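Comments concern the structure below.
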Amino acid sequence: MVTDVKGLQAFFANMIQGIVLEDDTVDNLVTIAGEELADIT
């Protein structure tokens, strides 16, 4: 169960923004997202 809802919202916003703005490769963004998601849960 996720206890940090604001952190989860920020996670999704950053992931979508990174893809839309092409800040990085999708593979790298997914790796970063996995690490951040592990920290949130």
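Every read-out reported here was derived from the displayed coordinates using simple, explicitly stated rules and does not represent laboratory data. Since we're looking at a predicted model, the values are computed, not measured. A quick note on method: Cβ atoms are made from the backbone with ideal geometry, for glycine too, and the neighbour counts reach across all protein chains shown.
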Applying the selection to the stretch 1-11, what residues are closer than 14 Å to Asp39 by Cβ and not charged (D, E, K, R)?
Val2, Thr3, Gly7, Leu8, Ala10, Phe11
Conditions first: (1) surrounded by 10 or more Cβ atoms within 10 Å (Cβ to Cβ); (2) among the hydroxyl-bearing types (Ser, Thr, Tyr); (3) outside any helix (DSSP H, G or I). Thr31 passes all but one, so which condition is the exception?
(3)
Residue pairs qualifying under the 8 Å Cβ cut-off, at least six apart or on distinct chains, with the first in the stretch 28-41 being more than 12 Å from Met15 (Cα to Cα) and the second being hydrophobic (A, V, I, L, M, F, W, C) and loosely packed, with under 12 Cβ neighbours inside 10 Å, are Ile40/Val2; Thr41/Val2
Scan the stretch 16-28 for residues that are assigned to a helix (DSSP H, G or I) and among the hydrophobic types (A, V, I, L, M, F, W, C) and jot them down.
Ile16, Ile19, Val20, Val26
